[in-house]
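Data block below; observations after.
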Amino acid sequence: MTVDNTTSKDLNLFSLPIRFLRREILPVLTDLRLAIILLLIIAFFSIGGTVIEQGQVPTFYQANYPEHPALFGFLTWKVIQVLGLDHVYRTWWFLALLVLFGTSLTACTFTRQLPALKAAQKWQYYDEPRKFNKLALSAELDGISVSSLTLILTKTRYKIFQEQEEDNLLYARKGVVGRIGPIIVHIGIVMILLGGIWGSMTGFMAQEMICSGDTFQVKNIIDAGAWSSQKVLKDWAVRVNKFWIDYTPKGGIDQFYSDLSVLDNDGKEVNHEKIYVNKPLRYHGVVFYQTDWGISAVQVKLNKSPIFQLPMAQLDTKARGRIWGTWIPTKPDLSEGVSLLAKDLQGMVLIYDTKGKLINTVRTGMSIPVNGINLKIIDVLGSTGLQIKYDPGIPIVYMGFALLMLGVVMSYFSHSQIWALQIGEKLYIGGKTNRAQVSFEREVLGILDQLNDQGKK
């Protein structure tokens, strides 16, 4: 007896959390108002993550979101850093919102949608005339048989349920798929949330500025999830075969391109793509986007010397345009030299002396005398700005969207039901539907008209 009492107490202790879950937690989780509130909060912070630049260095936010004056009176770089608004989609609180929203949808699916589907699959005959009074639509016809109704319902794609021993009773339905639609919608949304969480936790983003002709491996990771791994970047590299810019007749940038090759460890090309804005390179789930450009170097020749390649650095113009510059010594002791400036890849180079006076303007391929030597500009080399992303959750998200669209289409189907009972010369008929009530009424009236026409014949 002692053992039995102890076991009974243990079972009671175990059932308490389950009762609390069913009575207190589940009603809150399955509340439609909670789902709407969570969805609005997620949408709000998603918009914030789109407006506020993500994954930038702290100095960027200090320069663009100063404390005085604060944007909207409160949004400063400190607020952004503390709340994690510089990487919204990887913050613990945003992921917690997604998990809570997904849990709410899952709970609603199991407590409401699945029971509704099971209820739709259950049916029974109406064997008493009084039961038809409870239906939204009902009618009584004289001189009409159930078999006549069966033929009409079959033509209108109803599934008929009728037992041979009780041929005076009939049940018909169609559109059960409409009950499955909301479940598919919930599954699709949950998959989208799971894909987003998985991508945030395992993906990464990098940025590289590579000179035309150089080969590189992705190293500059600027944002990565807690479980991200860069193993996918091993055993291959990328070579920038060429970078160039197409300009408009007025001198503006029309489009910039990068010709990229993916190389294996042996230097063999395994993939090749010309990329531009909105046309990336994809390899092993890693996507290379064309996002920026710059000037990396200038090639010059002094008298009959070999060709020198000098790096060019971007100058601080106080947001008045982009200019790159370098300095070239014209004497062996470096006591004299000239500065070269360029603002694009159209081949125009400005030459200044040590006093900041403009000496001349030349194009690539031209030579001019400077400080007693012949300076020839061979070429101005560009560099491509690449944004590299790896998000393994994208296939899950795409699959979720496909299920979401399929579920929405399925949800438009109405679940319509019709009952019939024949007692002597009287035929009782009635039906109901879960949506599109007006269309269902027209359909039932059409069925009644056909039955009346058959009765007149």
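Please specify each residue of region 404-457 satisfying the condition of being within 26 Å of K122 (Cα to Cα), touching a helix residue (DSSP H, G or I) at 6+ places or on another chain (Cβ under 9 Å) and aliphatic (A, V, I, L, M).
Residues satisfying the conditions are L406, V408, V409, M410, I418, A420, L421, I423, L427, I429, I447.
Sort out for me the strands (runs of 3 or more DSSP E) sitting completely within region 241-335 that have 2 or more residues that are surrounded by 15 or more Cβ atoms within 10 Å (Cβ to Cβ) and assigned by TED's automatic domain parsing to the domain that holds A224.
Passing ranges, in order: 253-264, 269-275, 281-283, 286-302, 324-329.
The values are calculated or read from the model by the stated rules, or taken from the named source; none is laboratory data. As the structure is a prediction and not an experimental result, all values here were calculated from the model. Note: ideal-geometry Cβ built from the backbone for every residue, glycine included; neighbour counts use all protein chains shown.
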